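The values are calculated or read from the model by the stated rules, or taken from the named source; none is laboratory data. In this text, all values refer to a predicted model and were calculated from it rather than measured experimentally. As a convention, Cβ positions derive from the backbone with ideal geometry for all residues, glycine included, and neighbour counts pool all protein chains shown. Ligands, DNA and RNA are stripped out before the accessible areas are found, and what is left, the full protein with its side chains, is counted by its heavy atoms. Shrake-Rupley method; radii C 1.70, N 1.55, O 1.52, S 1.80 Å.
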Amino acid sequence: MKALVWNGVNKLGVEQVPDPQILNSGDIILKVRLSSVCGSDLHLLGGYLPAMRAGDVLGHEFMGEVVEVGRGVQNHSVGDRVVVCSFIACGRCWFCQHEMYSLCENSNTNPAITETLYGSALGACFAYSHALGGFAGSHAEYIRVPFADQGAFTIPDGVSDEAALFASDAAPTGWTGADGAGVQPGDVVAVWGAGAVGQMAARAAILMGAERVVNIDRYPERLRMAEKNIGSEAINYTETHVEEELREMTGGRGPDVCIEAVGMESHADNPMFLYDWAKQQTYMQSDRAFPLREAVHACRKGGSLFVLGVYLGTVDKFPMGAAMNKGLQIRGAQQHGQRYIPQILQHIQNGELETSHLMTHPMSLDEGPKGYDMFKNKIDGCVRSVFQLDGHSNGHSH
Amino acid sequence: MKAKKVVAIGGLAAAGGGTALLIGRLTGSRWAGRVVGDGYRPSGAATRAFFAGGGAPSGGRADRWHAVTVNVPPQEVSSGDGLPGPLAAMADRIEVRIKPAPGDRGTEIHARLRGSVPSGPSAIKARASGEDPRQDLRAALRETRSILEIGEVLSPDKPPTTKDTPGGKLLGMVTSRGRGEGLI
């Protein structure tokens, strides 16, 4: 089959690879219809995450049609239109039973790598390096989906392929942040980042009853999108002082909840960016963390900070004094999508959540390298390049 | 004194990671800086995390108990028919203790090897060749947990889509023992 593969740092290719097979009883084989790039792919593309091999198929945000089912699959049959959570989870271990699906004990076939790096093994994720299982990704004509009864969700009638696609990763990641941060009615919520995940975190906070929600970014088109499609306010950090804006907005208190949806390759328009960039480029630190530091400083006393952006290793100059003395609650996680995807699909069906606007650049799989270049360099206002397979056409829904 | 040694080792590891990458950058060779895989920008921090994280299973106590917690009640783990899962095949080589985990956390399975295990340089050689018995024990514990919780062990994708580049082969060697290494 045809697939978009990673061949080295900033090297992508569209090549023929072996078809996937049913290997476990809970597997399904999916014929991919739509598969999106994701900001976290850029860490793989740029060589920031370890354990990639030439030939690895990229892509972890996808939907499609079931074409084969394992003997143990009960919830799906051939022909089902499904969206699949990017994290793979068994549903039976203690972590899955407590709805912390990205920490599944039984999905990562290479647990030793993250166990050694982090002290505990993480669950598996499609196409997110061999440290997270080495499972082939969705930028391909077909994909094997393990534990399909837990991770694949039938798309309701009336929900388009394009809208359902982002219930795979961006939306549940946003929900993981807003819910994990404990957003309450009346809260003021600040979200660093107005990419797909930042927008979804903002919308989740709004639907959870937040009084005011603001996205912070430097790209005007993304901020306009957040205002128009999400209903949040916008701060362009290149035009103003973020902390001053937030204090003015909150009567001097600071946001009740801060969500960092940027991650290890963040930017800033001040000398700290140069400091972080120089240390990262000379391999003295792995992650740039300016928004994280800013969020700690801006957050109100006793407030909550959730780290949604992907970090790999260590960050320098983390303001631990501010975090401790202000009594902040700090949490972080990869997405626990199996917990949120059903309600996200319901929100889409009810017209309460818009997602399809994120697909700014649909294209064929053959254009994959170009799609990543547009996404990485934000060319033509690209928020997400989405690869259409199987002759998929825009606006189609069952 | 001990703390100084730790700092010194951490600093050395950090310098090592940075130096390797700097050489890679100066020479234009992407290979020079790689640790595993086909393109990784390891930082001193990441290298330090690896070493500080206790990434030295071979240097551990020979009589250490290795353990996993399974999300099933004790009576389902020890049903009277001997050891569960792949641990049964190792019955003559290991001691096993099974006890309830605190709270609602299921059952702890502890196991340790009888007799001697490789140590020092011989442990490094044994690990590299996949002949360290602790690798078998860790894999057996993890696979036993999967069998008890989900009835089978999840298989990695086959056939692989990857290519046999030098970096890829090294990573392949690491992941081929993905369940046998780690900290448990």
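Some observations on this one:
- A:Ala131 in a helix (DSSP H, G or I), surrounded by 24 or more Cβ atoms within 10 Å (Cβ to Cβ) and touching an Asp or Glu at 6+ places or on another chain (Cβ under 8 Å): no
- A Cβ distance below 7 Å, combined with a sequence gap of six or more or placement on separate chains, defines the contacts here; from the range A:119-132, residues that are under 21 Å from A:Gly46 (Cβ atoms) and within 11 Å of chain B (Cβ to nearest Cβ) reach residues that are open to solvent by 10 Å² or more (accessible area, probe 1.4 Å) and among the basic types (Lys, Arg) in the pairs A:His130/A:Arg53.
- Helices (runs of 4 or more DSSP H) fully within the range A:265-349 counting 3 or more residues that are more than 14 Å from every other protein chain (Cβ to nearest Cβ), of a type outside the set (Gly, Ala, Ser) and open to solvent by less than 20 Å² (accessible area, probe 1.4 Å): A:290-298, A:337-349
- Looking only at residues in the range A:363-389 that are touching a strand residue (DSSP E or B) at 6+ places or on another chain (Cβ under 8 Å) and among the small types (Gly, Ala, Ser), the one that is surrounded by the fewest Cβ atoms within 10 Å (Cβ to Cβ) is A:Ser364.
- For the range A:18-35, a residue qualifies if it is open to solvent by less than 10 Å² (accessible area, probe 1.4 Å) and β-branched (Val, Ile, Thr), and the qualifying residues are A:Ile28, A:Ile29, A:Val32.
- From A:Gly59, A:Gly46, A:Gly70, residue being touching a Lys or Arg at 6+ places or on another chain (Cβ under 9 Å) and of a type in the set (Gly, Ala, Ser): A:Gly46
- Put simply, of A:Gly327, A:Gly332, A:Gly321 the only residue that is without any contact (Cβ under 8 Å) to a residue 24 or more places away in the chain and either within 20 Å of A:Cys299 (Cβ to Cβ) or in the same structural domain as A:Tyr128 (by TED's automatic domain parsing) (or both) is A:Gly321.
- Answer from A:Val189, A:Val183 - the residue that is closer than 30 Å to A:His267 by Cβ, away from chain B (no Cβ under 11 Å), part of a strand (DSSP E or B) and touching a residue at least 24 places away in the same chain (Cβ under 8 Å): A:Val189
- Filter result (open to solvent by less than 30 Å² (accessible area, probe 1.4 Å), more than 19 Å from A:Ala170 (Cβ to Cβ) and more than 14 Å from chain B (Cβ to nearest Cβ)) within the range A:36-80: A:Val66, A:His76
So that you can scan it fast, the table gives a plain yes or no per residue for (1) modelled with pLDDT under 95; (2) not in a strand (DSSP E or B):
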residue	(1), (2)
B:Thr69	no, no
B:Val72	no, yes
B:Gly80	yes, yes
B:Gly103	yes, yes
B:Ile109	no, no
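- Every test in (1) open to solvent by 60 Å² or more (accessible area, probe 1.4 Å); (2) more than 7 Å from chain A (Cβ to nearest Cβ) is passed by B:Ser129 save one, and that test is (1).
- The range B:156-174 residues that are assigned by TED's automatic domain parsing to the domain that holds B:Glu131 and at pLDDT 90 or above, paired with ones that are part of a helix (DSSP H, G or I) and crowded, with 18+ Cβ neighbours inside 10 Å (beta carbon under 9 Å, 6 or more apart): B:Pro156/A:His130; B:Pro156/B:Thr175; B:Pro160/B:Gly172; B:Thr162/A:His130; B:Thr162/B:Gly168; B:Thr162/B:Leu171; B:Thr162/B:Gly172
- Odd one out for A:Asp256, checked against (1) under 20 Å from A:Ala202 (Cα atoms); (2) charged (D, E, K, R); (3) touching a helix residue (DSSP H, G or I) at 6+ places or on another chain (Cβ under 6 Å): (3)
- Positions within the range B:142-173 being over 19 Å from A:Gly13 (Cα atoms), buried (at least 19 other Cβ atoms within 10 Å of the Cβ) and more than 7 Å from every other protein chain (Cβ to nearest Cβ), in sequence order: B:Glu143, B:Thr144, B:Leu148
- Taken over the range A:158-180, the criterion of being part of a loop (DSSP other than H, G, I, E, B) and open to solvent by 10 Å² or more (accessible area, probe 1.4 Å) is satisfied by A:Gly158, A:Ser160, A:Asp169.
- Of the residues making up the range B:130-145, at least one is of a type in the set (Asp, Glu), at pLDDT 95 or above and more than 21 Å from A:His98 (Cβ to Cβ).
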